[in-house]
Structures are given as C-alpha cells and as structure tokens.
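Everything below concerns the one structure shown next.
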Amino acid sequence: MSQPFSIYTVGGAVRDALLGLPVKDRDYVVVGADPQQMQALGYLPVGKDFPVFLHPDTHEEYALARTERKTAPGYAGFVFHAAADVTLEQDLMRRDLTINAIAMDEHGNLTDPYGGQADIQNKIFRHVSTAFAEDPVRILRLARFAARFHDFNIAPETMQLMQHMVHAGEVDALVPERVWQELSRGLMEKKPSRMLQVLQECGALEKILPELAALEKTPHTNFSQSETTAFLHAMQVVDAAAEKNTNLAIRVAALLCDVEEVNRENQNESNTSTLLTLSTKLVETLCARLKMQNEVRDLAIILARELNNLHRAKELPAELLVKLLERCDALRRPERFGELLVAMECHQLTLTESHHLILPQTTKLRVALAAAQAVPAGAIAATVSAQVTGNAAEPIADAIHKARVAAIERVLN
C-alpha cells in the first residue's frame, strides 16, 4: 500500500526508547496528508476534535500533523488546524516538553528541533514553547512525569511558567475527572511524592488538593523536631506504599492518613473523637470532589477513621478488637482489611524510620481476624433462632459478637 505522505513515531515512544525503557504505546503523526487521502487508503477516522485515524491492519492511531490556537480559558479552549501543509516541526512545537517533541521516521532517523535529546541526557524537563501555558493539564502531566522520572529536574523557566499559570487562574478551569485521571496515574509511579512536591512548588496543589497542601505548614505531632512537617511525612508514607508495589487504593489511603494533623493544629483540639470526625469528613470531601472510585474512597475513609485504633491494636482487649473488625467490615471484606493494614504499616514504619519490621499490632489484628472468622456464625444463628420467639436479629448478632470476643480471648491468652 503506497503512501503519498510521511509517517513518524512521536512522543513517549521515542522518549522511552532513548532512555532505554520498554516502549508500551506508540503515537504516530502523519505529515503531508489530508483526511480524504487517509480514508482512500483505508484508514478509519475516529477523531472528534481533530483528525485521527485507525490503521486498516494494525488499528493503531495515526494523527494528522496539526497546529492549535487558544480560544478560551482552560484545557478545552482550543481550535485545531490539521492539513497537508502543516510541517513536522510545527506539529512538534505544540507539544508540552522537549523530551516529548522528538520524532523518528521509519528508518530510525530522529527529528529533534527543540533540543529534546540534550534534555534527556541532562535529565531536564523543559517546555517547548510558551504555548505550554495555554493548557493547565500540562502542569499535571509534568508533575506525573516527575513521579516516573524522579531523577529529572524541572528547568527554572518552566517552573516559573507553571507558577504564572497558577497565578493566572488556568488551574481553576480543570475539571475533577481530569485532575483525578492524572493524579491517579502519578500515584502509581515509582516516587509519587515527586508529583505532589512539584504541584506544591508551583502552587497548583493548593488549588486541587488544599487538604494536603495545608500539611506543609503543619508540624507532625509524632516528631520532636519541627522540621518534619505533616506534609513531608505524608510524602514518606505514600513513597513507602509505592516501594511495596501496592495498589492505588492503598496509596491514596496512605497519602491521606495524616490529615488529622491539620485539624489538631487548626482546631487546637485534643479530643480524639472530635479529631477523627473532622479528619474523616476532610477525606470524604476530598474523595467526593475528585470523584474517586468507590473502592479507593472507602479505604481512605476507613483508614482516616480507624488509624489510631489500628496503631494501638496491641493494647486493645478482645471486646474492642471485635468492634474494630466489625467497623472495618473485616469479616465480610478480609481482603480490604488486609489492604488497610498495609496502609497503616506504611504510616507507622515511616514514623520509626524502619521499613522492614513486622508490627505487633498487625500480627495481633491478623490473629484476631482469623479467630473471629472461625466462629460458626451460621450454627449460632440457627441455635438462637430456635430459642427466641419473634425478631431474632438482635439476639443473633449479640450471640455471634460474644462468641467472637470469646474466640479472640482464647487465642490471645
């Protein structure tokens, strides 16, 4: 199939190849073609905002070279121009970072008009042009790249540009779904703290995660030295979760479990019950605003509510252990309870600066859960039902609860 145009691999595929990393997805740009030519050769049009086509055999995406013009605030206010006269250099100029603005032809020859190879070698994130400032999503993307390529530094002029964007209100136009899409991807990278620190430095964190940004000026009560803030500890906790190769729910829960420090500071509150209520509401508000998935939200809320009880589990008697298991729905959702314990461990082990200890509270909680699970709830329910007239729900629940308490007392003693 002859092609009267040129095709280049662009973006992350070229960048990762130059870094010696596995190439997962490939993006292609087509120079010198129009939509009619593409369709005549069997390419299927799928683009909504600008011409994108699926290859007739591989079904990979091919986008026509294009330019763009800012017409309204926010990340969606653009008009695109895609035509046969748009050059490869013009297409690359609209990209975010120099390391993503390198093209490779079918023979492996590189086109690098904006110094991307040098920035890869020097490990620098640098914007291609001032057009970077027209799209606030690029702040989130750069922060996410920082979590992945955590040994890269941001060029000073690029950081200044991002700070200007935040000051100009561009970040205010971001919708929650788009914010969460980028944040969730960044949290799954090798060093998620880098993403959050970049957002904090440019001022965007206060806009999109004000609950977390507030920790920057909050001393952590578990440290005697004031130089360790609650924000720095939150960064250590989320990185500890990343080191354990945990899932997204555990990383979010670990990141947010220190929000009570803000309430302790702002409310001058020492009542534990009040602090937990305030902290739980903070986490609920944050998760709802970003429209997180239910399983991510639920784990974060449970940990915010129960963190102190999980930490002091080694001191709790059997009665309170059963109540803790029941509040966490551990008997019905033991896998999620295991995730909760991992998040708690990340928090506790960063306080002790030892990431490889087996915590006694974790051991006790796992033993307690196993003992409670071994209680024959069905048999107890049948026995109570036979002895009680009328509604037996409450007596059954009470009998099962007492049996679980007794079972845990036996294994602990």
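The values are calculated or read from the model by the stated rules, or taken from the named source; none is laboratory data. In this text, all values refer to a predicted model and were calculated from it rather than measured experimentally. Glycine gets a Cβ as well: all are built from the backbone with ideal geometry, and neighbour counts include every protein chain shown.
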Among residues of the stretch 51-68, those that are without any contact (Cβ under 8 Å) to a residue 24 or more places away in the chain and part of a strand (DSSP E or B), counted:
3
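Can G203 be described as under 18 Å from K291 (Cα atoms) and touching a helix residue (DSSP H, G or I) at 6+ places or on another chain (Cβ under 6 Å)? Steps first, please.
On the way: under 18 Å from K291 (Cα atoms): no; touching a helix residue (DSSP H, G or I) at 6+ places or on another chain (Cβ under 6 Å): yes.
The answer is no for G203.
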Please find, among L325, L307, L357, the residue that is at pLDDT below 95, crowded, with 20+ Cβ neighbours inside 10 Å and either over 18 Å from A234 (Cα atoms) or touching a Cys at 6+ places or on another chain (Cβ under 6 Å) (or both).
L307
Spot the failing condition for D91; the list is (1) part of a helix (DSSP H, G or I); (2) at pLDDT 95 or above; (3) crowded, with 17+ Cβ neighbours inside 10 Å, and only one is missed.
(2)
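Are there helices (runs of 4 or more DSSP H) fully within the stretch 141-234 with at least 1 residues that are of a type in the set (D, E, K, R) and more than 27 Å from A343 (Cβ to Cβ)? List them.
Details: elements: 156-167, 176-187, 192-202, 205-208, 210-213.
Ranges flagged: 156-167.
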Of all residues in the stretch 356-413, which are within 39 Å of the chain's Cα centre (by Cα) and over 23 Å from R327 (Cβ atoms)?
H356, L357, I358
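Restricting to the stretch 1-57, name every residue that is among the acidic types (D, E), surrounded by 15 or more Cβ atoms within 10 Å (Cβ to Cβ) and in contact with a helix residue (DSSP H, G or I) (Cβ under 8 Å, 6 or more places away or on another chain).
Within the stretch 1-57, the first condition is being among the acidic types (D, E), and the residues that meet it are 16, 25, 27, 34, 49, 57.
Next cut, surrounded by 15 or more Cβ atoms within 10 Å (Cβ to Cβ) only: 16, 27, 34.
Correct list: D27 only.
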Of the criteria (1) surrounded by 21 or more Cβ atoms within 10 Å (Cβ to Cβ); (2) of a type outside the set (D, E, K, R); (3) in contact with a Ser or Thr (Cβ under 6 Å, 6 or more places away or on another chain), which one M162 fails
(3)
Residues being touching a residue at least 60 places away in the same chain (Cβ under 8 Å) and either over 15 Å from Q117 (Cα atoms) or not in a loop (DSSP other than H, G, I, E, B) (or both): count how many of those fall in the stretch 18-31.
3
Quick one: E182 ticks every box in (1) over 27 Å from T277 (Cα atoms); (2) surrounded by fewer than 18 Cβ atoms within 10 Å (Cβ to Cβ); (3) in contact (Cβ under 8 Å) with a residue 40 or more places away in the chain; (4) acidic (D, E) except a single one, so which number is it?
(2)
A204 being of a type in the set (G, A, S) and closer than 15 Å to R141 by Cβ
yes
Are there any pairs, at least 6 apart or on different chains, whose C-beta atoms fall under 7 Å, with the first in the stretch 82-98 and of a type in the set (S, T, N, Q) and the second at pLDDT 90 or above and not in a loop (DSSP other than H, G, I, E, B), and if so, which?
T87/V31; T98/G116; T98/D119
